[in-house]
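Worksheet: the structure to be examined is printed underneath.
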Amino acid sequence: MKVLIVGSGGREHAIAASVAKSAKVEKIYCAPGNAGIGQLAECVSIGAMEFDKLVAFAKEKAIDFVIVGMDDPLVGGLVDAMEAEGIRTFGPRKNAAILEGSKAFSKDLMKKYNIPTAAYETFDDADAAIAYLKEKAEFPIVLKADGLALGKGVLICNSLAEALEGVATIMQDKKFGDAGNRMVIEEFMTGREVSVLSFVDGKTIRIMTSAQDHKRAQDGDQGLNTGGMGTFSPSPFYTKEVDEFCHQYIYQATVDAMAAEGRPFKGVIFFGLMLTPKGPRVLEYNARFGDPEAQVVLPRMKNDIIEVMEACVDGTLDRIDLQFEDNAAVCVVLASAGYPVSYEKGFVIEGLDRFDREEGYYCFHAGTKLTDKGIVTNGGRVLGVTAKGKDLKEARANAYAATEWVSFANKYMRHDIGKAIDEA
Ligand code: AMP
Ligand code: GLY
């Protein structure tokens, strides 16, 4: 098979690494890809939102299977565009990707189908939101821009003053663009967060292993929200009891709800869960693998990823027995100092080749570029260093040891990825 992967981050590198292991695959293309993906695939410089060019490329190269890794093209309808030309594509169609594309949609879906989540109200105009905050709100409270906002459209407000400022940021100043045309205001919940990824074929859902992300930029969960500074898998807090609850009230219920709405979901549903004192609640849905969750989940998956993805497209996932290694993995993101605000790029990265020689270690590229000087930094999140171990503690020690193998001028990382393991 000839496979085209759409995206350019660490997640797409992790997907490409799994695809490269498939016995069914003879050639991988990636649009636009990065320097690391370029070692496994032929990268083509077409942007993920250039649908016409992507479709034309897939036809020209007689691509057998397309995998869309990123949220924007999914929400924008790339899967529909490929399917219209008869190209088999992994990922939700536009009418199902709305599960991630609109928080108001996903909250309404959960309410209608009794899927446990935080209480909320939706607002189309700022005045109504302000009136609600003044009359009814209890603080802290959570404000969410409706649409995609690079994971940054959520504001936790501790007082009325902060919340009013938040409404101005989202709905009036339009800091997140059109994503802020609508807003969800929801109850603040407390508890540990868990990321659960799943494969879905429209009817059947198969849960992958659990993971936990670290969203803040600095140690001790301080600083700004980022795309994710590191992950571990499995989460020791995702107990058998939690798993049973989620199977009973959340996973299949979500898949059935989407089907009942005439929006059958095929692809990956990422359940962002909070384990509250009242039980697990859905914080958010994503319509794709997490980044950097994929970097700890996929290396532990035993199945041929293409077989699983084809089963999702074909509606035969019920025949797949999804299996994960009985071990653990930790990913530490190496970022450019200053991320997520401002940072320099273009620094040469040394030491990458060691990862080719060490079993159980991976260096997934996120923001890198191949130049005549060699591979250089080209983004805020630069690399995701993943290591496996027999348990979480060993995986964490291995991952941190491996972060020392690579160097670049403004290398920055958190030093407490997986600290929660010690509290389990
Ligand atoms: P989201 O993009 O919806 O996952 O939100 C980003 C982050 O904001 C989550 O990972 C949580 O840490 C936090 N968050 C979102 N919704 C809530 C909530 N209702 N209560 C507490 N924290 C929240
Ligand atoms: N790591 C969180 C996300 O991919 O949305």
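The values are calculated or read from the model by the stated rules, or taken from the named source; none is laboratory data. What you are looking at is a predicted structure, and each value in this text was computed from that prediction instead of being measured. All Cβ positions, even for glycine, are placed from backbone atoms using ideal geometry, and neighbour counts span all protein chains on display. For accessibility, only protein heavy atoms count, side chains too; no ligands or nucleic acids. Shrake-Rupley method; radii C 1.70, N 1.55, O 1.52, S 1.80 Å.
Quick notes
- Residue in segment 189-210 that is without any contact (Cβ under 8 Å) to a residue 40 or more places away in the chain, within 16 Å of ligand 1 (Cβ to nearest atom), surrounded by 15 or more Cβ atoms within 10 Å (Cβ to Cβ) and not charged (D, E, K, R) present: yes
- Residues located in segment 350-361, provided they are within 22 Å of CYS30 (Cβ to Cβ) and either among the charged types (D, E, K, R) or open to solvent by less than 10 Å² (accessible area, probe 1.4 Å) (or both): ASP353, ASP356
- Qualifying residue in segment 27-37 (condition: within 17 Å of the chain's Cα centre (by Cα), open to solvent by 10 Å² or more (accessible area, probe 1.4 Å) and at pLDDT 95 or above): yes
- Flag not set for VAL154, criterion: within 13 Å of ligand 1 (Cβ to nearest atom), more than 22 Å from GLN222 (Cα to Cα), among the aliphatic types (A, V, I, L, M) and in contact with a strand residue (DSSP E or B) (Cβ under 7 Å, 6 or more places away or on another chain).
- Residues in segment 260-298 that are within 11 Å of ligand 2 (Cβ to nearest atom), of a type in the set (Asp, Glu) and open to solvent by 10 Å² or more (accessible area, probe 1.4 Å): GLU284, ASP291.
- Top-ranked residue in segment 165-178 [being open to solvent by less than 50 Å² (accessible area, probe 1.4 Å) and closer than 15 Å to ILE130 by Cα; ranked as farthest from the chain's Cα centre (by Cα)]: ALA168
- Strands (runs of 3 or more DSSP E) wholly inside segment 166-239 containing at least 1 residues that are away from ligand 2 (no atom under 16 Å from the Cβ), farther than 24 Å from ARG281 by Cβ and in contact with a Cys (Cβ under 7 Å, 6 or more places away or on another chain): 192-201
- Test: residue in segment 395-415 that is crowded, with 16+ Cβ neighbours inside 10 Å, polar (S, T, N, Q) and within 17 Å of ARG11 (Cα to Cα): no
- Residue list for segment 126-149, filter: under 12 Å from PHE188 (Cβ atoms), among the hydrophobic types (A, V, I, L, M, F, W, C) and either open to solvent by 40 Å² or more (accessible area, probe 1.4 Å) or within 16 Å of ligand 2 (Cβ to nearest atom) (or both): PHE139
- Annotation note: Cβ proximity below 7 Å between a residue of segment 311-323 that is closer than 20 Å to PHE65 by Cα and a residue that is of a type in the set (Lys, Arg) and assigned to a loop (DSSP other than H, G, I, E, B) (sequence gap 6+ or interchain) occurs for VAL313/ARG88; GLY315/LYS203.
- Per this entry, THR371 is counted among residues that are exposed (fewer than 13 other Cβ atoms within 10 Å of the Cβ), within 21 Å of CYS43 (Cβ to Cβ) and of a type in the set (Ser, Thr, Tyr).
- The single condition among (1) without any contact (Cβ under 8 Å) to a residue 40 or more places away in the chain; (2) under 28 Å from ASP146 (Cα atoms); (3) surrounded by 20 or more Cβ atoms within 10 Å (Cβ to Cβ) that GLY76 does not meet is (3).
- Residue match in segment 41-54 (condition: in contact (Cβ under 8 Å) with a residue 40 or more places away in the chain, among the polar types (S, T, N, Q) and assigned to a loop (DSSP other than H, G, I, E, B)): no
- Criterion (open to solvent by 40 Å² or more (accessible area, probe 1.4 Å), under 14 Å from VAL406 (Cβ atoms), of a type outside the set (Ser, Thr, Tyr) and in contact with a Lys or Arg (Cβ under 9 Å, 6 or more places away or on another chain)) met by exactly one of PHE347, PHE324, PHE364: PHE347
- Selection from segment 370-411 of residues that are part of a strand (DSSP E or B), charged (D, E, K, R) and within 22 Å of the chain's Cα centre (by Cα): ARG381, LYS388
- Residue within segment 135-148 that is of a type in the set (A, V, I, L, M) and assigned to a helix (DSSP H, G or I) present: no
- Against the conditions (1) in contact (Cβ under 8 Å) with a residue 12 or more places away in the chain; (2) under 14 Å from LEU273 (Cα atoms), THR239 satisfies every one except (1).
- Annotation: of all residues in segment 150-164 being assigned to a loop (DSSP other than H, G, I, E, B) and open to solvent by 80 Å² or more (accessible area, probe 1.4 Å), the one that is farthest from ligand 2 (Cβ to nearest atom) is ASN158.
- Residue satisfying all of: in segment 112-125; open to solvent by less than 50 Å² (accessible area, probe 1.4 Å) and outside any strand (DSSP E or B); farthest from TYR249 (Cα to Cα) among these: ALA118
- Taken as a whole, the condition of being surrounded by 19 or more Cβ atoms within 10 Å (Cβ to Cβ), within 30 Å of ASN158 (Cα to Cα) and in contact (Cβ under 8 Å) with a residue 12 or more places away in the chain applies to LYS103.
- Restricting attention to segment 219-242, the residues that are within 15 Å of ligand 1 (Cβ to nearest atom) and under 20 Å from the mean Cα position of the chain (by Cα) total 11.
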